[in-house]
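The values are calculated or read from the model by the stated rules, or taken from the named source; none is laboratory data. Everything numeric here is computed off the predicted structure, so don't read it as measured data. Here the Cβ positions follow ideal geometry from the backbone for every residue, glycine too, while neighbour counts run over all protein chains shown. Surface areas here come from the heavy atoms of the whole protein model, side chains and all, with no ligands, DNA or RNA. Shrake-Rupley method; radii C 1.70, N 1.55, O 1.52, S 1.80 Å.
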Amino acid sequence: MHASSSAMTRKREVLSRDVRIQSILEASQRMFSSRPYDEVSIDAIAAEATMSKGLLYHYFGSKRELYLETLHSVFARMTQITEEYHDLRACLNAFLSCFEQSPNLARMVFRGGIGSDAEAEALLSAYRQHQFGLFFQHLGGNTLDPVVQLGLRGWISFFQEVCLQWVEQRDIPRERVIMLLEQSLQAILSCPEQERHTS
């Protein structure tokens, strides 16, 4: 009886810890995506998460540590979208819908805000490489022409910049943005075919 009660207590403590960390990360994302890194204070994040600064520091030792963990969490969320939708149009629509609902999210993901931080750059680089790998496999994997592989890497950067420009202006319907992204990718995929016809 005592052992069972102790196990239940530990389980509640773990659950409480996970809930608190998630609350901090959600508050951190809202704060970091709405203003530059240097303008966000731990006090402000703690207030947003409705907890004391001391409790927040219990889970994260510094603002930079929290920022990097927030980036990691957001990239994981973005990667999940790519893994969930195998149809290109559905995948692009899910991304744009996400950014439409949280415009500042795109700025945080693709522009960051911590300056030339090596770890932040490494997270973004790893995310881009993972995205390339997913698209690479989906579009044909090792059978892709080297020119197409090169174009695909460039297209991923193009996709990110289009998302940034769109959330800042929002004067173009989502469907037209999806069409732009689809057609630009199709143009890259057709490069080897065009070369055969012109050679």
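So the values come out like this:
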{"read-out": "Top-ranked residue in segment 99-122 [being among the hydrophobic types (A, V, I, L, M, F, W, C) and surrounded by fewer than 17 Cβ atoms within 10 Å (Cβ to Cβ); ranked as nearest to the chain's Cα centre (by Cα)]", "value": "122"}
{"read-out": "Candidates 86, 58 - the one that is part of a loop (DSSP other than H, G, I, E, B), open to solvent by 60 Å² or more (accessible area, probe 1.4 Å) and of a type outside the set (S, T, N, Q)", "value": "86"}
{"read-out": "Residues that are out of contact with any helix residue (DSSP H, G or I) (no Cβ under 6 Å at 6 or more places or on another chain), over 25 Å from residue 107 (Cβ atoms) and not hydroxyl-bearing (Ser, Thr, Tyr), drawn from segment 36-60", "value": "51, 54, 55, 58"}
{"read-out": "Lone unmet requirement of (1) open to solvent by 50 Å² or more (accessible area, probe 1.4 Å); (2) of a type outside the set (Gly, Ala, Ser); (3) touching a helix residue (DSSP H, G or I) at 6+ places or on another chain (Cβ under 7 Å); (4) modelled with pLDDT under 90 for residue 74", "value": "(1)"}
{"read-out": "Flag if residue 159 is under 30 Å from residue 28 (Cβ atoms) and assigned to a helix (DSSP H, G or I)", "value": "yes"}
{"read-out": "Segment 10-42: number of residues that are part of a helix (DSSP H, G or I) and either modelled with pLDDT of 95 or more or open to solvent by less than 70 Å² (accessible area, probe 1.4 Å) (or both)", "value": "12"}
{"read-out": "Number of the condition not met by residue 67 [criteria: (1) at pLDDT 85 or above; (2) in contact with a His (Cβ under 8 Å, 6 or more places away or on another chain)]", "value": "(2)"}
{"read-out": "Unmet criterion (only one of (1) open to solvent by less than 30 Å² (accessible area, probe 1.4 Å); (2) farther than 28 Å from residue 180 by Cα; (3) touching a Phe, Trp or Tyr at 6+ places or on another chain (Cβ under 9 Å)) for residue 94", "value": "(2)"}
{"read-out": "Criterion violated by residue 104 - all others in (1) over 26 Å from residue 32 (Cα atoms); (2) assigned to a helix (DSSP H, G or I) satisfied", "value": "(1)"}
{"read-out": "Residue selected from segment 127-158 under the condition without any contact (Cβ under 8 Å) to a residue 40 or more places away in the chain, within 19 Å of the chain's Cα centre (by Cα) and open to solvent by less than 60 Å² (accessible area, probe 1.4 Å), by the criterion nearest to residue 191 (Cα to Cα)", "value": "152"}
